[in-house]
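**Q** Here it is: the structure, laid out below.
The values are calculated or read from the model by the stated rules, or taken from the named source; none is laboratory data. For clarity, every value in this text was computed on a predicted model and none was experimentally measured. Here the Cβ is made from the backbone with ideal geometry for all residues, glycine too, and neighbour counts use every protein chain on show.
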């Protein structure tokens, strides 16, 4: 892969962030990010979203441990 377009970068962004691309493809992505401020901004937003979701999941888990069992069961029934 010699030249990566914005569309290609976005299509494979999850693989890029998870470091699942081969070295040559990752290098092409890195070169694209050097010259494309829009994709750099998109990548930053993507990573921030991942962190927010992870933080929310951790908070939900912490709250679940502190919540009464009756409340947890009631919430499970509502989700169904």
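The rows are residues; the columns are (1) surrounded by 10 or more Cβ atoms within 10 Å (Cβ to Cβ); (2) farther than 18 Å from residue 8 by Cβ; (3) out of contact with any helix residue (DSSP H, G or I) (no Cβ under 7 Å at 6 or more places or on another chain); (4) at pLDDT 75 or above.
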site: 48; (1), (2), (3), (4): yes, yes, yes, yes
site: 59; (1), (2), (3), (4): yes, yes, yes, no
site: 63; (1), (2), (3), (4): yes, yes, yes, no
site: 70; (1), (2), (3), (4): no, yes, yes, yes
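**Q** Follow-up. Considering (1) modelled with pLDDT under 95; (2) within 17 Å of the chain's Cα centre (by Cα), say which one residue 43 fails and leave the rest.
**A** If we test residue 43 against (1) modelled with pLDDT under 95; (2) within 17 Å of the chain's Cα centre (by Cα), just (1) comes out false.
**Q** Something else: Of all residues in segment 4-28, which are assigned to a helix (DSSP H, G or I) and farther than 14 Å from residue 44 by Cα?
**A** 6, 7, 8, 11, 15, 23, 24, 25, 26, 27, 28
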